[in-house]
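In what follows, a structure is listed as structure tokens, so that the remarks can point back to it.
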């Protein structure tokens, strides 16, 4: 079962995702995609480590190339977050890359291996502001990725002010 959780910044996506796997009795993996650059990133990483402490997750730090990840059959995976993964893939070299297809196929590869896959993403591009081309390209790629994942996900949930709203499928916890 694949679940996509979306929403704005600090709206409860991570809490919902982690709670959804609390009752899972098999092996649980947390794929962390945030590169530890700068004080803000280190603070966010530490906050998320504390949130999942004692919940039985094995952390896999993977900033790009998620198609390389192998997990045991019957396991659960929480991927946090597609926004970081997309930025890492696009901007980790001098050449601007467009990684939507690569990320979507990597997520499908994960979904084929595990019993439960919970994916956290960000809602971007709805503010109507015009951005410089690098940021605009990122927003376009995120739109493609989010739409691609939503098309095959069993559940799509948007967190709005801490309230989960089911857009497709059913509530997960």
Exercise. Sort out for me the Cα centre separation of region 149-173 from region 29-86, rounded to whole Å.
Key: 20
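Multiplying the sequence separation of residue 39 and residue 105 by 0.36 nm and subtracting their Cα-Cα distance, what value in nm do you get?
So the extension gain works out to 20.6 nm.
Take the Cβ-Cβ distance between residue 166 and residue 113 as r, set R0 to 35 Å, and report the resulting FRET efficiency rounded to the nearest 0.05.
Computed FRET efficiency for residue 166 and residue 113: 0.85.
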Quiz item: Taking Cα pairs under 8 Å and at least six residues apart, what relative contact order does region 2-166 come out at, in percent?
Solution: 37
Quiz item: Say we join alpha carbon atoms closer than 10 Å with springs in a Gaussian network model of the chain; which of 102, 50, 144 then has the biggest fluctuation?
Solution: 50
Quiz item: Hey, what did region 87-173 get for relative contact order, percent, Cα under 8 Å, at least 6 apart?
Solution: 23
Quiz item: Considering only DSSP beta bridges with both partners in the chain, what is the antiparallel share in %, to the nearest 5?
Solution: 15
Quiz item: In the Gaussian network model of the chain, springs joining C-alpha atoms below 10 Å, which of 54, 125, 162 carries the largest mean-square fluctuation?
Solution: 54
Practice problem: Among 57, 37, rank each residue by its count of other Cβ atoms within 10 Å, from fewest to most, as a rough exposure measure. | Solution: 37, 57
Quiz prompt | CD proxy at 222 nm, helix term only [per DSSP H run n ≥ 4: -39500 (n - 2.57); per residue of the chain; nearest 500] | solution = -12500 deg cm²/dmol
Exercise. Provide the gained length on full extension for the span residue 58 to residue 133, in nm with one decimal, where the gain is 0.36 nm per separating residue minus the Cα-Cα distance.
Key: 23.3 nm
Quiz item: If you rank 173, 159, 86 by fewest surrounding Cβ atoms within 10 Å, what's the result?
Solution: 173, 159, 86
Exercise. Would you mind calculating the gained length between residue 70 and residue 9 on full extension (0.36 nm times residue separation, minus the Cα-Cα distance), in nm to one decimal?
Key: 19.0 nm
Practice problem: Taking only Cα atoms and a 10 Å spring cutoff, compute GNM fluctuations for the chain and point out the largest among 42, 67, 109. | Solution: 42
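Throughout, read-outs are computed from the coordinates displayed, never taken from laboratory work. Since the model is a prediction, treat every value here as computed from it, not as a measurement. We place every Cβ from the backbone using ideal geometry, glycine too, and count neighbours over all the protein chains shown.
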